[in-house]
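Remarks on the structure that follows.
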Amino acid sequence: MRTRQWFQAALMLLLGLYLLETLLTGEIAYYINERFNWLAGVAGFTLIALGVINVIALLSEPEQGKEAPKGAPNLLPNAPSVAHGVSARWYVLAILSVPLIFGVFLPAQPLGAAAINNSGVAFSLNVSGAGDQAFSITPTQRNVLDWVRAFSAATSVDEFGGQPADLIGFVYRDVRFEDDTEFMVTRFTVSCCVADAVAIGVIVRSEQAASLTPDSWVRVQGKFEVRDFAGQRTPILIAESVEPTAMPERPYLFP
Amino acid sequence: MEFSTQLSLFSTRFLGIFIEAVSFLLLGTIVSGLIEVFVRKEDIARLLPRNPFAAIVAGSFLGFLFPVCECGVVPVTRKLYQKGLPVAVGVAFLLAAPVMNPIVFASTYAAFGFGPILIGRFVITCIMAVAIGLIFSLQRNPIKMLHPRALMAMAGGSGAAAPQPSAPRLSVGQGIVRAARVATDEFFDMGRYLVMGTALAAGMQTFLSQEQIRALASDPSMSAVAMAIMAFVLSICSTTDAILALSFANFGFPSGSLLTFLTFGPMVDIKATLMYLSVFKRRVVFYMVILPLLMSLLFGIFINLNVRF
């Protein structure tokens, strides 16, 4: 009986194919920072190569050709072939199938506004990183991350008053947004994988704010004014237009 | 919150951590397979310093030779044990390697620049790993600390793939096939702990609130405890945790607490702890969690209270 060894080889092939598939469809952008994409690709090909080598070995080896472990006779009472040790037990195979089942049967979805409420990751206006490089980008070309970096790197936020901005993000609101005219245009930054996702955003003032569904993606164009927000001098984007837009192919920003 | 929303959040986090970590685990198992086939027991005995203290210090620097994070280090350590690496040296390697390697040096440098955090991270990690290695070297019968299965190749049974220690050198082609089959075994054996740990980490991120933990930032000792808890729960790869630590710095966490996060996290987190169980007995794993915890807290709180950068 080598069903389990065959299943093991198949599982590696399928996991490898799944990794390559998320890369090809671009869904990988929902999970990890793009600078690790090549690593997922290498992992995919490695899994497929391992699977193929195992299949070849299974085809070319005799059924029960291997000696039992001399020093540890009671460790694997249920394993007819010790060639694969504990690793080919059914429960191990079942556990390793879980990522495949989640990946294949659940629709891939990036983190959204719900993830902020739930994990309690407060958005911060103090995201680190190279603040200086944000200044070298033309204001209308800056994304949410560039602006947040620029705000924290600036000696005084007053210098942002009157600057134009053109931003894409999802709509987020919490208790600090008292009236129906404010929301935040928000993005997640992902340094490594979604486990370290941090939500950041720019506060927007718009008459349309009340009609916007939380978590929906919008493109906001307008000019900054520096005002008090929750007791702090904060650049607030006064919207000239807010239009619904499709979620970008890469929903997260990669610092 | 609706169940479907939570399930979707859980699934995204679970797959995110899994995809990231599985690549590193695979690299670790491939290295492990190559060690199995191409490194002989005599090589280890020949290269390692005779003096136990020197050997443990060497073990904590071995990460510069095998650059692995905490997902990849476990299969490599287990394989080195099968090749006769002393247990205490392996402990020092296991605890230190996820930090003491060129990749982590680069990522910590990228996040914090050359300064107290970078130096502190490497110095404290090295001290902790050597100290814990020395404590483990006091054990008279170190083999008893290991899980029996971790030593199976020594007994001659880790598989079709395991050549006997005295076996003649293989051709490169044969060697690669054997290495691949060893890597397969390791991948499934470690992978089950990785999947369980990933599910736990994703579950905690989805179902627990981190707000209270972050609220502790201002207290010198509680903030270090909070960082240790975050390090354990988040299970972030050591190659990139520096970037996250930087975001904690912006929440007001002091440098000592960040160092607790940066030294404890790579040694101990949910998925690493589960993977340790495939190498060590349960009681030993307990010490391998509690000793780094206490030491990293001690360093972190001491720095918070006494050192101004």
Exercise. Is the range A:227-242 home to any residue that is outside the structural domain of residue A:31 (by TED's automatic domain parsing) and closer than 30 Å to residue B:108 by Cβ?
Worked result: no
Problem set entry | Subset of the range A:185-236 (residues that are part of a strand (DSSP E or B), charged (D, E, K, R) and surrounded by fewer than 23 Cβ atoms within 10 Å (Cβ to Cβ)) | A:205, A:219, A:223, A:225, A:227, A:228, A:233
Seminar exercise, completed: When the range A:24-41 is checked residue by residue, the ones that are crowded, with 16+ Cβ neighbours inside 10 Å and among the aliphatic types (A, V, I, L, M) are A:28, A:29, A:32, A:39, A:40
Exercise. So which of B:143, B:119 is within 30 Å of residue B:308 (Cβ to Cβ) and either out of contact with any His (no Cβ under 9 Å at 6 or more places or on another chain) or not in a helix (DSSP H, G or I) (or both)?
Worked result: B:119
For this session: Kindly check whether there is at least one residue in the range A:137-145 that is modelled with pLDDT of 85 or more, buried (at least 17 other Cβ atoms within 10 Å of the Cβ) and within 14 Å of chain B (Cβ to nearest Cβ).
Result: yes
Exercise. Restricting to the range B:10-28, what's the tally of residues that are of a type in the set (A, V, I, L, M, F, W, C) and facing chain A (nearest Cβ under 7 Å)?
Worked result: 7
Exercise. For the range B:20-98, list the helices (runs of 4 or more DSSP H) that sit wholly inside it and hold at least 1 residues that are among the small types (Gly, Ala, Ser) and free of Cβ contacts under 8 Å to residues at least 12 places away in the same chain; which are they?
Worked result: B:52-61
For this session: Check the range B:91-103 and report whether any residue there is farther than 27 Å from residue B:178 by Cα, modelled with pLDDT under 85 and within 12 Å of chain A (Cβ to nearest Cβ).
Result: yes
For this session: Return the residue satisfying two criteria in turn: it lies in the range B:195-230 and is facing another protein chain (nearest Cβ under 9 Å) and closer than 11 Å to residue B:18 by Cα, and of such residues it is modelled with the lowest pLDDT.
Result: B:201
Problem set entry | Flag for residue A:96 being modelled with pLDDT of 90 or more, outside the structural domain of residue A:198 (by TED's automatic domain parsing) and assigned to a helix (DSSP H, G or I) | yes
Problem set entry | Failed item in (1) crowded, with 24+ Cβ neighbours inside 10 Å; (2) modelled with pLDDT of 75 or more, with residue B:237 passing the rest | (2)
For this session: Give the residue that is nearest to the chain's Cα centre (by Cα), with candidates limited to residues of the range A:1-18 that are within 11 Å of chain B (Cβ to nearest Cβ) and of a type in the set (A, V, I, L, M).
Result: A:15
Exercise. Do any helices (runs of 4 or more DSSP H) lying entirely in the range B:235-309 carry at least 2 residues that are of a type in the set (Ser, Thr, Tyr) and under 14 Å from the mean Cα position of the chain (by Cα), and which ones are they?
Worked result: B:270-276
Exercise. Somewhere in the range A:150-162, is a residue of a type in the set (Phe, Trp, Tyr), farther than 30 Å from residue A:38 by Cβ, modelled with pLDDT of 90 or more and touching a Leu at 6+ places or on another chain (Cβ under 7 Å)?
Worked result: no
Problem set entry | Of the criteria (1) outside any helix (DSSP H, G or I); (2) modelled with pLDDT under 80; (3) more than 8 Å from chain A (Cβ to nearest Cβ); (4) over 17 Å from residue B:78 (Cα atoms), which one residue B:114 fails | (2)
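The values are calculated or read from the model by the stated rules, or taken from the named source; none is laboratory data. Because the structure is predicted, anything quoted here is derived from the model rather than measured. In this analysis, Cβ positions are derived from the backbone assuming ideal geometry, glycine residues included, and neighbour counts consider all displayed protein chains.
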